[in-house]
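Student: First, the structure itself, so that you have it in front of you.
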Amino acid sequence: MTVVEDEPGRDGADDGNDGNDEDRRDGPAGPPGAADPYVPSPRRLERERYRRARARRATAIAALSTLVTGAALHLLVVGAPGWPRTRETFFSPEYAREAFPKVLEGLWLNLRLLLVCGAAVLVLGMLVAVARTLRGPVFFPLRVLAAAYTDFFRGLPLIINLMIVVLGVPALRLQGVTVDPVLLGGTALTLTYSAYVAEVFRAGIESVHPSQRAAARSLGLTNRQALRFVVLPQAVRRQVPPLLNDLVSLQKDTGLVSIGGAVDAVRAADVVVGRSLNYTPYIVAGLVFVALTIPMTRLTDWVTARTDRRRAQGGIT
């Protein structure tokens, strides 16, 4: 009896074809045992040309829409009856050149406040968040105090907090207490932003699954060690984007310390305005803050997108 063996590819046998032959064409034969070079199929090339054409079309439409919107806004502003007076009062090149060096000099104070207050806010916010998440009845008074702190300073407007601290503390005439408006203003900023950051940290701590703490305890770690080595690292890593957002807000609000007389960028602009009765220095100070904020905002967006991609790929629990 003669046995006829099945030929590869007949009767549905698996011959290694994945069904994508239309997107793959054999190239020139290579050395024995070497893989055939990849050559895109005409259909794949056509799809790529279509995608490029759509991308060019979308770019052209976006550019045209931007030009039309910009032109409409320009005509709306320039065509306003009070535009000549507004341009002279708020957009004077002469006063802008005069105010710019003074605003930059005052900006150095804002940057120092950002660095010092930012570090203090992170430390104090972390302590308050940990206090709010402590377990056990013995820590009940501490949890109540931490909750009262966050509720009070999150509800109190920052400008009022600054006035109370910057103007009220010197009025007490306490021995050994500073009356420096920079230090008092930084203290008010720290008190307010620590309440916001504490809630960010608390949300991160509570987002860590209880099994993480239980696993740490089963390995012999104490509650404090589990919090320090297991829970807090995960909580902080998850909350980096909102923390950066709070840092951006803090950078802008450092300009409010000028209400106590500290010569920062805003106060430097105010001095020029008081002498010239022209408001262009305020525009200069605002643009300087915007120029400083935009890179931090883009960094926040990049970190957020990167965290989302890693979480989608399973890189962050």
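Student: Condition test on PHE90, is it aromatic (Phe, Trp, Tyr), in contact with a helix residue (DSSP H, G or I) (Cβ under 8 Å, 6 or more places away or on another chain) and outside the structural domain of ASP264 (by TED's automatic domain parsing)?
Tutor: Yes; evaluated as a whole, the condition is true for this residue.
Student: Kindly check whether there is at least one residue in segment 286-293 that is at pLDDT below 90 and assigned to a helix (DSSP H, G or I).
Tutor: Yes, there is a match, as at least one residue in segment 286-293 is at pLDDT below 90 and assigned to a helix (DSSP H, G or I).
Student: Could you count how many residues in segment 69-92 are part of a helix (DSSP H, G or I) and open to solvent by less than 90 Å² (accessible area, probe 1.4 Å)?
Tutor: 11
Student: Which residue pairs have Cβ atoms closer than 8 Å, lie 6 or more positions apart in sequence or on different chains, and pair a first residue in segment 39-60 that is open to solvent by 100 Å² or more (accessible area, probe 1.4 Å) with a second residue that is part of a helix (DSSP H, G or I)?
Tutor: Close Cβ pairs satisfying both conditions: ARG43/GLU22; ARG43/ASP23.
Student: When the residues of segment 282-301 are filtered to those that are touching a residue at least 12 places away in the same chain (Cβ under 8 Å) and open to solvent by 30 Å² or more (accessible area, probe 1.4 Å), which remaining residue is nearest to ASN110 (Cα to Cα)?
Tutor: LEU292
Student: Here is a follow-up. Check every one of the helices (runs of 4 or more DSSP H) wholly within segment 169-281 and list those with 2 or more residues that are within 30 Å of GLU98 (Cα to Cα) and open to solvent by less than 30 Å² (accessible area, probe 1.4 Å).
Tutor: Helices (runs of 4 or more DSSP H) meeting the threshold: 181-207, 240-253, 265-276.
The values are calculated or read from the model by the stated rules, or taken from the named source; none is laboratory data. Note that the coordinates shown come from a computational prediction; the quantities given were computed from them, not determined experimentally. We place every Cβ from the backbone using ideal geometry, glycine too, and count neighbours over all the protein chains shown. Please note that ligands, DNA and RNA were not included when accessible areas were found on the heavy atoms of the full protein model with its side chains. Shrake-Rupley method; radii C 1.70, N 1.55, O 1.52, S 1.80 Å.
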